[in-house]
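> Sharing a structure with you now.
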Amino acid sequence: MACPCCSPCCSPPSWWRSSGSSAGGLFTLALAMVGVFGVFDFGVGQALTRALSERIGEGREAEATSLVGAALAALVGFSMVAALALWWLVPLLVERVLRVPPELQAQAVSGMRVLTAAAPLVVLNAALWGVLAAYQRFRAANLVTIPVSIFYYLGPVLVLLAWDSLTAVMLALVACRLANTLSYAWLVRPLLPGLFRGWPRLALVGPLLRIGGWMTFSGTLTQALLYADRFLIGALLSLAAVAYYATPLDLVLRVWILPVAVAQTLLPAFASAFATLPQQTAALLRRGALVIMALVFPACLLLVGAGREILWLWLGADFAEGGARVLQILGVGIFFSCAAFAPASLLDAIGRPDVTARFALAQAVLFLPLAAALLLLGFGIEGAALAWALRVAVDCGGKLLLAARFYPPAAVAARRLAAPLAGGGLGLALLLAMPGLPALLVAGTLALGLFGLLALRALEGEERGRMLGLLRHPGGLLRLGGGA
């Protein structure tokens, strides 16, 4: 009896079968290309969240419609120009850069040109999400995003059942982006009556581009710092060493999902309160940083204490032998990297992303020579991991100092956060010296107890009694109403 999976409806499409892995690679590049379209946002989405939240907090909501209308109009214009340029360059990209096989070139050009229509949609989605974030409509935004995200991967498969073409796949991807844009616009419209009527006031876009540009520059530098050490390892050691370093780093960076979720709610809350409610804003910084640390600390304990076992189960004994120590050291550093999201959000909210960007640039100038000339050459990939951990610890402490300097009401909160931050990092670092499982269990328990005690001492009296309940619902910890 023939296997049901060998039926025609389950077999790959003809263009995929005829071109082998090239078609799969092209599809993967198309997905990456859609992600790259986000650069045409110029950081305006985040800047719009900040600007709207500030106006809402100051009672200037009447200005919101004009601001959003101007931002959307400018972004559509920028992204349309970019999309037309990409449409014109597609043949060169397909034939000369990607070197697509001749039998696939016609469909590749057609499909990639269809995909350029997604550029304005990706940019609009970022801006509209920024509006929803400013109005704290996270639940509604996620409810419409989840099904669209599912169809983003399922849609191409369903379309291929009716239309055996690479162009059909690209149309499905564009349709998913369009559905996302329309759903966001539907949610935004009642918040901003009259948004899509009248001529936009483009003069309002200038401040958004300035702040958004600094945010983009800062984010780009951060990404460059994340990948620069991999190139240094490849150049100074070997490609095999890159794998033993990059895989543990990619694993620990998954922990970012927790602080990112909290930071997305911190930014609009900070922006709406910093000008009129300084004490509440400072308390929000303290609570936000503590909840991030409390959420990530158990994961960090697991990475440091059981790094060898995690890699052994995942990739085998050989990889565990080569990369376990790297994973453990990076597990200490990720604790500081996550905690830095809170003061970074405050600096963005008060309109000083340039401070964060300059600080990241200073780290690049100092970190790369440190990693290359000293720790990497002296201690191999473990030295590179130590350099990364030291850098993110300095990054976290520096952002707290910068937040206190440029927003003085936050100085007391920054001082209170120093103890749990140092205690948590020290407790994790001590695990690196433990020789066996019993010692690890004892040290881990002590580290968790020390961090918990220092975190509770950083809270106000009435906040301590609510801490456990609020940790089960992190959004509640970020409300401005209590514990100022």
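> Could you pull out the residue among L402, L454 that is surrounded by 16 or more Cβ atoms within 10 Å (Cβ to Cβ), over 26 Å from the mean Cα position of the chain (by Cα) and at pLDDT 90 or above? Break it down stepwise before answering.
Values: L402 fails: over 26 Å from the mean Cα position of the chain (by Cα).
Of the residues listed, the single one that is surrounded by 16 or more Cβ atoms within 10 Å (Cβ to Cβ), over 26 Å from the mean Cα position of the chain (by Cα) and at pLDDT 90 or above is L454.
> Then there's this: Does at least one position in the stretch 247-259 carry a residue that is in contact with an Asp or Glu (Cβ under 6 Å, 6 or more places away or on another chain), open to solvent by less than 10 Å² (accessible area, probe 1.4 Å) and touching a residue at least 12 places away in the same chain (Cβ under 8 Å)?
For the stretch 247-259, residues in contact with an Asp or Glu (Cβ under 6 Å, 6 or more places away or on another chain), open to solvent by less than 10 Å² (accessible area, probe 1.4 Å) and touching a residue at least 12 places away in the same chain (Cβ under 8 Å): absent.
> Please indicate, with yes or no, whether at least one residue in the stretch 301-310 is more than 20 Å from F341 (Cβ to Cβ), surrounded by fewer than 23 Cβ atoms within 10 Å (Cβ to Cβ) and of a type in the set (D, E).
yes
> Okay, moving on. So which pairs qualify, if the first residue must be in the stretch 430-442 and assigned to a loop (DSSP other than H, G, I, E, B), the second must be among the polar types (S, T, N, Q), the Cβ gap must be under 8 Å, and the two must be at least 6 apart or on different chains?
Final answer for the pair search is L432/Q328.
> Next question, about the same structure. If A289 satisfies every condition in (1) open to solvent by less than 10 Å² (accessible area, probe 1.4 Å); (2) in contact (Cβ under 8 Å) with a residue 40 or more places away in the chain; (3) farther than 14 Å from A342 by Cβ but one, which is the exception?
Against the list (1) open to solvent by less than 10 Å² (accessible area, probe 1.4 Å); (2) in contact (Cβ under 8 Å) with a residue 40 or more places away in the chain; (3) farther than 14 Å from A342 by Cβ, A289 comes up short only on (3).
> Right, L266: open to solvent by less than 20 Å² (accessible area, probe 1.4 Å), more than 24 Å from G351 (Cα to Cα), at pLDDT 80 or above and touching a Leu at 6+ places or on another chain (Cβ under 8 Å) or not?
no
> I would also like to ask the following. Could you please find all residues in the stretch 52-69 being open to solvent by less than 10 Å² (accessible area, probe 1.4 Å) and touching a Pro at 6+ places or on another chain (Cβ under 7 Å)?
Within the stretch 52-69, just S53 meets the criteria.
> Among the helices (runs of 4 or more DSSP H) contained in the stretch 77-193, which hold 1 or more residues that are among the β-branched types (V, I, T) and open to solvent by 40 Å² or more (accessible area, probe 1.4 Å)?
Output list reads 138-160.
> Select, from L173, L132, L158, the only residue that is under 26 Å from A62 (Cβ atoms), out of contact with any Cys (no Cβ under 8 Å at 6 or more places or on another chain) and of a type outside the set (D, E, K, R). Can you show your working first?
On the way: L173 fails: under 26 Å from A62 (Cβ atoms); L158 fails: under 26 Å from A62 (Cβ atoms).
Criteria check complete, one pass: L132.
> Exactly one of (1) open to solvent by 30 Å² or more (accessible area, probe 1.4 Å); (2) at pLDDT below 85 is unmet by Q279. Its number?
(2)
> Determine whether Q328 is more than 19 Å from the chain's Cα centre (by Cα) and within 26 Å of L430 (Cα to Cα).
yes
> What residue, among those in the stretch 47-69 that are part of a helix (DSSP H, G or I) and of a type in the set (D, E), is nearest to I211 (Cα to Cα)?
E54
> If we keep just the residues of the stretch 221-239 that are open to solvent by 40 Å² or more (accessible area, probe 1.4 Å) and touching a residue at least 40 places away in the same chain (Cβ under 8 Å), which is nearest to the chain's Cα centre (by Cα)?
Step one: list which residues in the stretch 221-239 are open to solvent by 40 Å² or more (accessible area, probe 1.4 Å), which gives 222-224, 227, 231-232, 235-239.
Imposing the further condition that a residue be touching a residue at least 40 places away in the same chain (Cβ under 8 Å) reduces the set to 222, 224, 232, 236-237.
Working: T222: 11, A224: 14, L232: 24, L236: 29, L237: 29 Å.
Taking the candidates together, the pick is T222.
The values are calculated or read from the model by the stated rules, or taken from the named source; none is laboratory data. A quick note: this is a predicted structure, and the numbers were derived from the prediction, not measured. Because the Cβ atoms are built from the backbone with ideal geometry, glycine has one as well, and the counts that use them run over all protein chains shown. Ligands, DNA and RNA are excluded from the accessible area calculation, which covers all protein heavy atoms including side chains. Shrake-Rupley method; radii C 1.70, N 1.55, O 1.52, S 1.80 Å.
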